[in-house]
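So the structure is just underneath, and the comments pick up after that.
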Amino acid sequence: MVVGGAVYSFGQYELDTDRRRLSRDGQPVPTEPQAVDLLCHLVEHRDRVVPKEELLHTVRRGRPVGEAALTTWLRTARLAIGDNATRQQFIRTVRERGYQFVARVTVASTTLPTVPAVTAAAEADREVIRFCRSADGTRIAYATTGEGPPLVKTANWLTHLDLDRTTPMWAHWFDGLTRGRQLIRYDERGCGLSEWTVPSFTLDDLVDDLDSVVDAAGLDRFPLIGVSQGGAVAVAYAARRPERVSRLVLTAAYARGRQIRAADDAERDAAQVDLNIARAGWRSHDSSFLRFFASQFLADATPAEWDAFAAYQRQTTSPANGLRFLEEFTRIDVSGIAHQVTCPTLIIHSRDDARVPVAQALELATLIPDSRLILLESRNHLFTAADPAWPTFLSHLDNFLSE
């Protein structure tokens with residue numbers, strides 16, 4: 001059996017709606033599945049203005065997401081084709097009505113064999129959440145998603161396995177990391193679906209949690225990715241269990257927490273002020289404190305997105321645990337063991353990261369023997385879906401893991 005499809009050409013771009021693939025001058029353009037779905041729908045219905053509600057229904061993939069997610073995916077789609085909210089050469093915003101694809105399009109028919117398509121949405125439907133016990137008996141929630149070679153992601157500030165897939169801050173990470181792989185991720189002790197009442201949050205505890213998860217998932221050897229403070233956990237694990245980690249990816253990571261790396265009184269005072277602001281935010285209902293905190297993670301986000309980030313944090317853990325996390329993370333130090341990492345390591349960092357300075361990436365690259373460093377043009381600590389650095393990050397990740 002065969003099915004008819006179409007390849008739409010506009011400018012330097014081609015959009016294959018059967019394969020859900022966007023390319024530029026014959027080269028694939030890495031972007032989020034929801035952004036491609038949105039683009040396909042707009043191109044296929046380019047004869048009219050498509051209302052927001054229709055687009056949201058198209059790209060939500062059965063998940064309960066709101067207009068903030070649609071805005072993020074629209075920005076991502078525009079970015080992928082060299083468009084933006086001001087320079088609307090392809091996607092035009094029609095005020096109070098919706099959006100319309102306005103560029104000139106040529107259409108080529110395709111005839112393709114019918115094969116079961118494995119999309120990110122289909123892979124997401126295969127997600128299974130399970131539980132295991134860490135060395136001290138703490139219950140840890142972990143999830144396996146997708147099919148293909150494994151990729152383990154260490155836990156980081158802050159996650160919730162049941163919410164991450166629909167949270168704009170993490171949804172694109174989820175889709176990007178599961179593309180063609182089986183992703184194993186877990187909630188840190190004290191947050192998400194893991195146990196909240198725990199005796200301690202030390203680095204050794206966090207490494208034990210990771211060890212318990214990969215044991216429970218039945219993994220012998222695997223690539224490991226660590227984001228932010230999860231990078232320090234990944235470094236410590238790779239140093240402790242070199243026989244298990246085949247490749248290591250660190251992004252927005254650091255070897256030493258803010259209190260440890262403070263070089264003088266001014267830096268120590270700044271670290272203390274940062275901690276005090278976070279304390280005030282967690283203990284009060286005044287969003288301005290947590291908004292400041294969020295702005296360091298998502299420098300290019302809007303105030304509304306900062307508020308959404310702050311609200312998400314409150315969903316993931318208790319104020320008491322949030323403060324315990326922050327205090328422990330300022331004291332993390334893997335600088336003395338990073339040289340024990342023996343696997344190939346890729347370090348990716350934003351040049352203007354407002355939360356973790358680029359000097360920390362340089363330190364990691366100096367300490368880890370078989371490492372390479374890539375600096376991307378961004379101010380975000382966590383790459384957003386609309387960040388120009390995001391598809392570049394995914395491309396470097398894919399190339400490194402496929403070597």
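The values are calculated or read from the model by the stated rules, or taken from the named source; none is laboratory data. Predicted, not measured: the structure shown is a model, and the values here were computed from it. Please note: Cβ atoms are built from the backbone with ideal geometry, for glycine as well, and neighbour counts cover all protein chains shown. Note: accessible area is taken over every heavy atom of the protein model, side chains too, but ligands, DNA and RNA are not part of it. Shrake-Rupley method; radii C 1.70, N 1.55, O 1.52, S 1.80 Å.
Quick one: Pro369 ticks every box in (1) assigned to a loop (DSSP other than H, G, I, E, B); (2) within 21 Å of Ala299 (Cβ to Cβ) bar one, so which box is it?
With (1) assigned to a loop (DSSP other than H, G, I, E, B); (2) within 21 Å of Ala299 (Cβ to Cβ) applied to Pro369, the lone miss is (2).
Conditions: (1) open to solvent by less than 10 Å² (accessible area, probe 1.4 Å); (2) over 16 Å from Ser134 (Cβ atoms); (3) in contact with a helix residue (DSSP H, G or I) (Cβ under 6 Å, 6 or more places away or on another chain); (4) part of a helix (DSSP H, G or I). Ala253 meets all but one. Number of the miss?
With (1) open to solvent by less than 10 Å² (accessible area, probe 1.4 Å); (2) over 16 Å from Ser134 (Cβ atoms); (3) in contact with a helix residue (DSSP H, G or I) (Cβ under 6 Å, 6 or more places away or on another chain); (4) part of a helix (DSSP H, G or I) applied to Ala253, the lone miss is (4).
Which ones in the stretch 133-160 are among the aromatic types (Phe, Trp, Tyr) and either in a strand (DSSP E or B) or in contact with a Cys (Cβ under 7 Å, 6 or more places away or on another chain) (or both)?
Residue satisfying the conditions is Tyr142 alone.
Answer with yes or no whether Ser335 is of a type in the set (Ser, Thr, Tyr) and within 22 Å of Thr31 (Cβ to Cβ).
Judged against the criteria, Ser335 is not a match.
For a quick check of your reading of the model, give me the residue pairs whose first member lies in the stretch 357-373 and is of a type in the set (Ser, Thr, Tyr) and open to solvent by less than 60 Å² (accessible area, probe 1.4 Å), whose second is part of a helix (DSSP H, G or I) and at pLDDT 95 or above, with beta-carbon atoms closer than 6 Å and at least 6 apart or on different chains.
As it stands, the answer is Ser371/Ala365, since those pairs meet every condition given.
In this structure, does Glu147 turn out to be of a type in the set (D, E, K, R) and open to solvent by 10 Å² or more (accessible area, probe 1.4 Å)?
The answer is yes for Glu147.
Can you run down the residue pairs with Cβ atoms below 9 Å, 6 or more apart or on separate chains, where the first is in the stretch 338-350 and free of Cβ contacts under 8 Å to residues at least 24 places away in the same chain and the partner is open to solvent by 30 Å² or more (accessible area, probe 1.4 Å)?
Short answer, once both residue conditions are applied: none.
What residue, among those in the stretch 14-32 that are under 18 Å from Ala103 (Cα atoms) and charged (D, E, K, R), is modelled with the highest pLDDT?
Among them, the one singled out is Glu14.
For the stretch 380-403, how many residues are in a loop (DSSP other than H, G, I, E, B) and either within 15 Å of the chain's Cα centre (by Cα) or of a type in the set (Gly, Ala, Ser) (or both)?
9
If you check Ile332, Ile277, which single one turns out to be surrounded by 18 or more Cβ atoms within 10 Å (Cβ to Cβ) and either touching a Leu at 6+ places or on another chain (Cβ under 6 Å) or of a type in the set (Val, Ile, Thr) (or both)?
Ile332
Anything in the stretch 256-274 that is open to solvent by 50 Å² or more (accessible area, probe 1.4 Å) and touching a residue at least 40 places away in the same chain (Cβ under 8 Å)? List them, or say none.
Result: Arg256, Arg258, Gln259, Ile260.
For Val341, which of the numbered conditions (1) open to solvent by 50 Å² or more (accessible area, probe 1.4 Å); (2) more than 22 Å from Ala270 (Cα to Cα) fails to hold?
The failed condition is (1).
Across the stretch 161-186, what is the total count of residues that are more than 14 Å from the chain's Cα centre (by Cα), in a loop (DSSP other than H, G, I, E, B) and buried (at least 18 other Cβ atoms within 10 Å of the Cβ)?
Going through the stretch 161-186 one residue at a time, the tally reaches 1.
In the stretch 191-211, which residues are small (Gly, Ala, Ser) and surrounded by 20 or more Cβ atoms within 10 Å (Cβ to Cβ)?
Answer for the stretch 191-211, where residues must be small (Gly, Ala, Ser) and surrounded by 20 or more Cβ atoms within 10 Å (Cβ to Cβ): Gly192, Ser194.
Within the stretch 19-43, which residues are surrounded by fewer than 16 Cβ atoms within 10 Å (Cβ to Cβ) and over 25 Å from the mean Cα position of the chain (by Cα)?
Asp25, Gly26
Among the residues of the stretch 244-263, which ones are over 23 Å from the mean Cα position of the chain (by Cα) and small (Gly, Ala, Ser)?
Ala262, Ala263
If you go through the stretch 217-241, how many residues are of a type in the set (Gly, Ala, Ser) and surrounded by fewer than 18 Cβ atoms within 10 Å (Cβ to Cβ)?
1
Filtering the stretch 4-15 down to residues that are touching a helix residue (DSSP H, G or I) at 6+ places or on another chain (Cβ under 9 Å) and closer than 20 Å to Gly82 by Cα, which residue is surrounded by the fewest Cβ atoms within 10 Å (Cβ to Cβ)?
Phe10
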